[in-house]
Amino acid sequence: MSTNQPVLEIKNLKKYFEGNTDIVDMIMRREPPQIQAVDGVSMTLEENESVAVIGESGCGKSTLLRTLIGLHDISAGDIVYKGTPVSEFDKADWKEYRRNVQVIFQDPFNSLNPKMTVRESLAEPLDIHGIGNKEERVREVLEQVELQPAEKYLNRKPTNLSGGEKQRVSIGRALILDPDVILADEPVSMLDVSTQAAVLTKMKELISDFDVSMIYISHDLSTVSYIAETVKVMYLGRFVESAPTKRLLEDPKHPYTEALVSAIPVPDPTYDRERTEMSGAPRDPIDIGEGCRFRDRCPEVIPPDDIDIDQQAYREVMSFREFLEREEVGLERIEKIVEVNERSALVDAIQREYFDHELTGKNESTLRSALTSLADGNEDLAIERLRERFESVCETTPPEVEAEPEWHVACHHHTGTDRRTVAGGGGTNATDDSGSDATGSVAHAENQ
Amino acid sequence: MSDPLLEVDDLTVQYETDSGMLTATSNASFTISEGEFFGLAGESGSGKSTLAKAIIGGLDDNGQISSGTIKYRGEEIQDLSDTELSQRIRWKEISWIPQGAMSSLDPLQRVSEQALEIGNVHTDLTDEEIRDKLKETFDIVGLQESRIDDYPHQFSGGMQQRAIIALALFLEPELVIADEPTTALDVIMQDQIFKYLDRLKDELDVSLLLITHDISVIFESCDSVAIMHASQIAERGTTDAVHANPRHPYAFMFKEAFPDIREPKRELEVIEGHPPELMGDVDFCSFADRCPWAAPECRAGAPPTESVGDDDPSHMTACVRKEEAYEMYQSDTSPSDDGGGAQSIARMGEVD
């Protein structure tokens, strides 16, 4: 690392989208739901560094990239390029920025203009930025991305190139303006495995040869070690873990990273890998509050200190309340199945439908009384009863700790016990109505 | 795992195109036994999907089986009419999990209605029997029986995928063909789906033909594998044998091209170019133009499929230079050789 300032600093960046509203919402003048696609992301990119951002589809990684190149407005936070925040950019600064921050897109089959030859595609950015010596520069770049001899490729159109060759042209196009930063969005995911390695190796080489920094975005942890020294794992708009690549792959700390790493197939019939126990898919990033992003799928979610409960049983109670809060409990369907029109029968049916694990004592009676409220049609009371007893520390406070130097994990399992107890004690303090849940816990977090 | 369930013998499938007969599958042979999970691997353009479509008579209008046989339980089925296939084979004997399975449920029909449609076409079962069978299968794939009357949108993505598996299984087929069932899915979802596919093996004794470009999932889930390159089966055998002892250059290069999370810094193999489109008879090794060890004899005739001669009698390969090539490859990539990486990179320029 040089002593210079970082090339790119991302400071608590947020990008929210407005969700759909229907006519009723408009009449009632309800605010449209905010989709928290990128929700408070911070990172720095040093000169000549390559950082990978890894996550499942829908985690916000592509939104992050589009926000970085100015395709989306910033909702909050800032991006600082070599000391100047983009919020202070004038038109000339933007042009300069766009020249120095280049993108390689996911799909080489659609990201090149089919009507342009390789020469034209590569020369276009030079035209736009008024750089001379075009022919020389184009040939030089073709050589760098190993499309040789240049004559063979210069006059071809994309249809006459293989996937790997197209992606090399895209890389060349990104490099031709001699940028400081390359943002790569799943650059090899559309390529056959036989060429993936070649393209990755080439990109890696170019980063070190040309003093370029890179943010590499991908869903694929298995190839990330070939391209980046640092990995940031993203889930629902936030980084949940950030560490040096090799160490993260060997010993993932966040339960989500663990699940991601453990779900990667190993090409070896003699190796007996355990399949992931995790189920479901990420929820929609709407109204997720300030708690841990992964809490609704986490296999290790932390129960309040003062209750004694089996992890899987607790998981079910938590999920059930999440369903209730998102109005996803299919009460009508269950009512249809139960033919006897009796409250206790309905309560039994709900319990059978959503709970496989047995609860005991106070846990059981709390659940039953909540389900009874639900059967009576009082969802809010049901939620409140469940929340009062079962609310987890994972729901209330945003965890973010440095587990080891250069290793950040956003998980209460890796915080000191002190902090956990404090947060846990505050957790039962949620008597507000369900609607103000998010703001309530923000305020709560700030109080600490 | 005993009697052969499906025997594909010397099968050639061609498509009629403006520029002549395009050969998608050339003299391919393999056998799937009862209860066996069989993987068919290869890059895009290798002909693996064509092969699977040929088995259930689902080729496009311009496609035809030019020669060879497909036997199901000893009976030749390649010449059966569409009606016969529908009445006797499809779904109750051989069912299908399509590529892009996530979008293959009809959004306007309840899952149970889709099952009834399938059941009414392919069996004489009553509606009630069909519903019961669907309920049983829902249970196996980890869905609540009460949800068979839900619409697809009421399921999450992973549950939809399981509903599709249930639809492929509820008529108790002997063989399920799954064409890239998890491609384009996130790893966690992929892992969940394979968890349920694994379970089928234990609980239903069903056979699976898994078609995928991802050899990692085949090595994990299948008993046997065939590796296909541009219409030809390059190598086949048990996954253990093919993994431990690959002989065809395409087989070992393809295998080594896959990253392994246990060795994050291992040099990945690079195979130049892409599978060629082949017109007319394929009377040469289709890998010859991409093979670093190709010799004139590779282009002189289609390589015969021969036993590798290891512990696995089913382990066969179609390479005339199988011994030399493997030895040269091994000496090139031995751990002491630091030039392995440089060599891979040097080979990177692609040939068209």
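The numbers here are math on the coordinates, done by the rules we state, and not lab data. From a predicted model like this one, the values you see are computed outputs, not experimental measurements. Note that we place each Cβ from the backbone using ideal geometry, even for glycine, and neighbour counts take in every protein chain shown.
Quick one: 3J(HN,Hα) in Hz for segment A:249-266, Karplus 6.51/-1.76/1.60 with θ = phi - 60°, rounded, Gly and Pro as x.
The phi angles translate into 5, 6, 9, x, 9, 5, x, 5, 4, 3, 4, 4, 5, 6, 8, 6, x, 10 Hz.
Which lysines does B:Lys71 reach when only Cα atoms under 25 Å apart count, and residues fewer than 8 places away in its own chain are ignored?
List returned: B:Lys48, B:Lys53, B:Lys92, B:Lys201.
Could you derive backbone 3J(HN,Hα) for segment B:238-243 from the dihedral phi with the Karplus parameters 6.51, -1.76 and 1.60 (θ = phi - 60°), listing whole Hz in sequence and x where the residue is Gly or Pro?
Using θ = phi - 60°, the values come out as 5, 4, 4, 5, 5, 5 Hz.
Mean-square fluctuation check for chain A, GNM, Cα pairs under 10 Å: which of A:Glu258, A:Glu186, A:Glu406 is largest?
With Cα springs under 10 Å in chain A, the top fluctuation among A:Glu258, A:Glu186, A:Glu406 is at A:Glu406.
Per 20 Å bin, what is the whole-percent P(r) computed from every C-alpha pair distance within chain A?
The calculated distribution, bin by bin, is 22, 47, 25, 6, 0.
Taking H placed 1.01 Å from N in the peptide plane, check which residues at least 5 places from B:Val176 or on another chain put their amide H under 5 Å from its amide H.
Those qualifying (amide H under 5 Å, at least 5 residues apart or on another chain) are B:Ser95, B:Ser207, B:Leu208, B:Leu209.
Over the C-alpha atoms of segment A:184-231, what are the Rg and the largest Cα-to-Cα span, Dmax, in Å?
When restricted to the Cα atoms of segment A:184-231, Rg and Dmax are 10.2, 28 Å.
Give the calculated FRET efficiency between A:Arg30 and B:Ser331 to the nearest 0.05, with a Förster radius of 45 Å applied to their Cβ-Cβ distance.
0.05
Identify which of B:Leu167, B:Leu80, B:Leu134 has the largest mean-square fluctuation in a Gaussian network model of chain B, with springs joining Cα atoms closer than 10 Å.
The residue with the greatest mean-square fluctuation here is B:Leu80.
Quick one: net charge of A:Pro6's neighbours, Cβ under 13 Å, K/R +1, D/E -1?
-3
Report the FRET efficiency, 1/(1 + (r/R0)^6), for B:Gln144 and B:Gln109, where r is their Cβ-Cβ distance and R0 is 25 Å, rounded to 0.05.
The value I calculate is 0.85.
Angle, helix B:111-122 long axis vs. longest principal axis of chain B, Cα atoms, 0 to 90°, nearest 10?
It is inclined by approximately 80 degrees.
Just to verify a number: FRET efficiency for A:Glu136 and A:Lys204, C-beta to C-beta distance, R0 = 41 Å, to 0.05?
Efficiency for this residue pair is about 0.95.
Please turn the phi angles of segment B:141-158 into ³J(HN,Hα) values with the Karplus equation 6.51 cos²θ - 1.76 cosθ + 1.60 (θ = phi - 60°), one per residue in order, whole Hz, x for glycine and proline.
8, x, 10, 6, 4, 5, 9, 5, 8, 6, 7, x, 5, 7, 9, 6, x, x
Do me a favour and compute the ellipsoid semi-axes for chain B from its Cα gyration tensor, root of five times each eigenvalue, largest one first, whole Å.
37, 24, 18
Need one number: the % of Cα-Cα pairs in segment B:104-171 sitting beyond the 16 Å mark.
Of the Cα pairs, 35 percent sit more than 16 Å apart.
Using a basic spin-label model with each label point 7 Å from the Cα along Cα→Cβ, how many nm lie between A:Ser42 and A:Gln5?
Here the answer is 1.7 nm between the modelled labels.
For the protein assembly as shown, what is the charge dipole size about the Cα centre, in debye to the nearest 20, if Lys and Arg each add +1 at the Cβ and Asp and Glu each add -1 at the Cβ?
Roughly 1940 debye, rounded to the nearest 20.
Give the range of the longest stretch in chain B that excludes all GluC sites (Glu not before Pro) found in loop regions by DSSP and having at most 16 other beta-carbon atoms within 10 Å.
The answer is B:35-276.
Using only the Cα atoms of the protein assembly as shown, what semi-axes does the equivalent ellipsoid have when each is the square root of 5 times a gyration tensor eigenvalue? Give whole Å, largest first.
With the √(5λ) rule applied to the protein assembly as shown, the semi-axes are 45, 39, 23 Å.
Run down the lysines and flag those whose C-alpha is under 18 Å from the C-alpha of A:Lys61, throwing out any fewer than 8 positions away in its chain.
Candidates past the 8-residue exclusion: A:Lys11, A:Lys14, A:Lys15, A:Lys232.
Which of rounded, prolate, oblate describes segment A:75-196, given a ≥ b ≥ c as roots of the alpha-carbon gyration tensor eigenvalues and a/c under 1.5 marking rounded, otherwise prolate only if a/b is larger than b/c?
Taking the square roots of the gyration eigenvalues as a ≥ b ≥ c, segment A:75-196 is oblate.
Which angle from 0 to 90°, rounded to the nearest 10, does the C-alpha axis of helix B:127-140 make with the longest principal axis of chain B?
Approximately 50 degrees, to the nearest ten.
Starting from the Cα of B:Arg88, step 7 Å toward the Cβ, then list every residue of segment B:51-78 with an amide N under 15 Å from that point.
B:56-57, B:70-78
Taking +1 at the Cβ of each Lys and Arg and -1 at the Cβ of each Asp and Glu, which of A:Gly291, A:Gly132, A:Leu249 sits farthest along the dipole of chain A towards its positive end, judged by Cα position relative to the Cα centre?
Highest projection toward the positive end goes to A:Gly132.
Which value, in debye to the nearest 20, gives the size of the charge dipole of chain A about its Cα centre, when Lys and Arg are +1 and Asp and Glu are -1 at the Cβ?
Value, rounded to 20: 1580 debye.
I need two numbers for segment A:46-94: Rg to one decimal and Dmax as a whole number, Cα atoms only, in Å.
Here Rg and the maximum Cα pair distance are 12.5, 36 Å.
Hey, quick one: spin label on B:Asp310, modelled 7 Å out along Cα-Cβ, who in segment B:175-215 has an amide N within reach, i.e. under 19 Å?
So the set is B:215.
List the Cys residues of chain A that have no partner Cys with a C-beta closer than 4.7 Å.
Those would be A:Cys59, A:Cys298, A:Cys411, since no other cysteine Cβ in chain A comes under 4.7 Å of theirs.
Hey, what number do you get for the protein assembly as shown at 222 nm if only DSSP H runs of n ≥ 4 count, each worth -39500 (n - 2.57), divided across all residues, to the nearest 500?
Calculated at 222 nm, the ellipticity per residue is -10500 deg cm²/dmol.
Which of the chymotrypsin sites (Phe, Trp or Tyr not before Pro) found in segment A:243-310 are loop residues per DSSP with 15 or fewer other Cβ atoms within 10 Å of their Cβ?
A:Tyr271
In terms of modelled amide H atoms, which long-range or inter-chain residues lie less than 5 Å from the amide H of A:Val240?
A:Val233, A:Met234, A:Tyr235
List the residues whose amide H sits under 5 Å from the amide H of A:Cys411, counting only those 5 or more places along or on another chain, with H placed 1.01 Å from N in the peptide plane.
Placed amide hydrogens put A:Glu400, A:Val401 under 5 Å from A:Cys411.
Per q in 0.17 1/Å, what log10 I(q)/I(0) does a Debye calculation on the alpha-carbon atoms of segment A:111-172 return?
Listed by q, the Debye log ratios stand at -0.49.
Given points 7 Å out from each Cα along the Cα-Cβ axis, report the B:Leu204 to A:Ile69 separation in nanometres with one decimal.
4.4 nm
What GluC sites (Glu not before Pro) does segment A:328-366 have in DSSP loop regions with at most 16 other beta carbons within 10 Å?
Passing sites in segment A:328-366 are A:Glu328, A:Glu339, A:Glu342, A:Glu358.
Quick one: angle between helix A:437-447 and the longest Cα principal axis of chain A, in degrees between 0 and 90, rounded to 10, please.
Roughly 80 degrees, rounded to the nearest 10.
Relative to the present Cα-Cα distance, how much length would full extension add between B:Ala244 and B:Thr17 at 0.36 nm per residue of separation?
Full extension from B:Ala244 to B:Thr17 adds 77.7 nm.
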